[in-house]
Amino acid sequence: MPRSLRTEAIVLRSIRYGEADRILHLYTPGYGRQAAIAKGARRARSRFGARLEPFFHIRAILHEGRGDLHTVTSVDTISAHAALRDHAATLDAAARACDAVARLFETPEPHPEVFRLLANELALLDSDAVHARTAIGLSFRLKLLLAAGIVPQLASCAECGETDHLQGFSAAAGGVVCGSCEAAAFPLNQEGHSFLVGALGRPLAQAPDASDLALAQAERAITETAEHHAHVRLRPLLARG
Ligand SMILES: [Zn+2]
């Protein structure tokens, strides 16, 4: 007997398909990432209305089909996050957040904390455009690394355990490294290190501010960690000079 999944979901991607359908990439609390087809969703009188756009937080019933593609049979909107579509910066930050989740968590394995983190990020972007700042975007990614089980070691040298003279970062070593172990590392200054510790330890909205240099170093640490340990390439947040 085919199953029906009754679940909350966030629409990561919504792709036109055929004459009138949409294929949705959804992130759910209990079923991880799921793909579903919404038949007739692009017809003028579709019962789905406009509820199947990216960033929508919905409650849906997904009917299990053959293979991996479910069929959407019912959708209610929990939040449309309409306000985040008013600014290029919040729209872009939301797209990058959904893209990072899609790349790091691409299976049905449940990660309810990732769902809550993404819902929180979208709600913040929707509530005030100030939340599009880079520090929050990096904090979001760092928390994703934590959920993926690949958060970098920050308290002591990832090679030798030394707690002083931490001045580099090595994704291969798994975190910060000291002056004697920095062979394969790039420089991570005190401010960049403090940012990573603060961003990981605080709620998303309270991500510490930092200089452009520190944020660039933190982004490099996050990006190289995702590449080295999850073989995932994240889209850059900061423009590279
Ligand atoms: Zn060391």
Item to check | Order of exposure, largest accessible area first, which applies to Glu219, Glu224, Glu159, Glu19 with probe 1.4 Å | outcome: Glu19, Glu159, Glu224, Glu219
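Report the Rg/Rh value for region 1-110, based on alpha-carbon coordinates and the Kirkwood definition of Rh.
Reported Rg/Rh, Kirkwood definition of Rh: 0.95.
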Checklist outcome for this item: Semi-axes in Å, largest first, for the chain (Cα gyration tensor, √(5λ)) are 38, 19, 13
Checklist outcome for this item: Inter-part gap, Cα centre of region 1-45 to Cα centre of region 60-75, in whole angstrom, is 7
Checklist entry - What is region 162-241 by shape, rounded, prolate or oblate, if you read a ≥ b ≥ c off the alpha carbon gyration tensor as root eigenvalues and call it rounded for a/c under 1.5, prolate for a/b larger than b/c, and oblate otherwise? => result oblate
Item to check | Solvent-accessible heavy-atom area per residue, rounded to whole Å², over the chain at 1.4 Å | outcome: 49
Next on the checklist: Solvent-accessible area of Arg96, probe 1.4 Å, all protein chains present, reported in Å² to the nearest ten, please.
Outcome noted: 50
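For region 45-139, what does the alpha-carbon gyration tensor say about shape, rounded, prolate or oblate, given a ≥ b ≥ c as the root eigenvalues, a/c under 1.5 as rounded, and a/b over b/c as prolate? If you can, show how the numbers build up before the last one.
Values: a/c = 2.44, a/b = 1.42, b/c = 1.72.
Cα axes put region 45-139 in the oblate bin.
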Next on the checklist: Cβ neighbours within 10 Å, averaged per peptide: list 167-177, 35-45 in order, most packed at the top.
Outcome noted: 167-177, 35-45
Checklist entry - Just how far, in whole angstrom, is region 163-207 from region 138-159 if you go by their alpha carbon centroids? => result 10
Item to check | Label-point separation, Ala50 to Leu238 (7 Å along Cα→Cβ), nm | outcome: 3.6
Item to check | Exposure ranking of Asp99, Asp212 by accessible area [1.4 Å probe, largest first] | outcome: Asp212, Asp99
Item to check | Sequence of Asp92, Asp126 when ordered by accessible area, the most exposed leading, probe 1.4 angstrom | outcome: Asp92, Asp126
Checklist outcome for this item: Taking protein heavy atoms only, a 1.4 Å probe, and rounding to whole percent, the accessible area of the chain owed to carbon and sulfur comes out at 49
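Sum -39500 (n - 2.57) across every DSSP H segment of at least 4 residues in the chain, then divide by the residue count to get the 222 nm mean residue ellipticity, nearest 500.
So the helix-based figure for the chain works out to -10500 deg cm²/dmol.
Just how large is the dipole of the chain about the Cα centre, in debye to the nearest 20, putting +1 at every Lys and Arg Cβ and -1 at every Asp and Glu Cβ?
Once rounded to the nearest 20, the dipole reads 1420 debye.
The values are calculated or read from the model by the stated rules, or taken from the named source; none is laboratory data. Since the model is a prediction, treat every value here as computed from it, not as a measurement. Cβ atoms come from the backbone with ideal geometry, glycine included; neighbour counts cover every protein chain shown. Just the protein is used for accessible areas: all its heavy atoms, side chains included, with ligands, DNA and RNA removed. Shrake-Rupley method; radii C 1.70, N 1.55, O 1.52, S 1.80 Å.
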